[in-house]
């Protein structure tokens, strides 16, 4: 029996196993909204779905994520140490859902 691994291109040409990000998405999408999730997990999840990141300037802790194929859409995530607050977890899930709906076809 042949096993296939679904690969997804993100960011700057890196290919990663998509099942890892599907599991991460499920972790973010739990009810009630999980607390204490890592900023790097949110960043990697958004990168996996094609988002780019603009780093803050002037000492700000707010990172802006935007998708180059969705006009006038971005989310801002504040880095609180290495964790993100539940509000930003929900925003991350909404952003991934929007990409799935508009670009991937509602998977």
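Where a number appears in this text, it was derived from the coordinates with a stated rule and is not lab data. Note that the structure is a prediction, hence the values are computed from the model and not measured. Don't worry about glycine lacking a Cβ; one is built from the backbone with ideal geometry, like all the others, and counts go over all protein chains shown.
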Item to check | Distance from the range 20-40 to the range 66-102 (C-alpha centre basis), Å | outcome: 12
Item to check | Sequence ranges 91-97, 42-48, 77-83, 58-64, ranked by mean other-Cβ count within 10 angstrom, highest first | outcome: 42-48, 91-97, 77-83, 58-64
Checklist entry - Seen from all sides and averaged, what is the projected area of the convex hull of the Cα atoms in the range 7-104, in nm²? => result 6.3
Item to check | Cα shape, the range 51-107, gyration tensor, a/c 1.5 rule | outcome: oblate
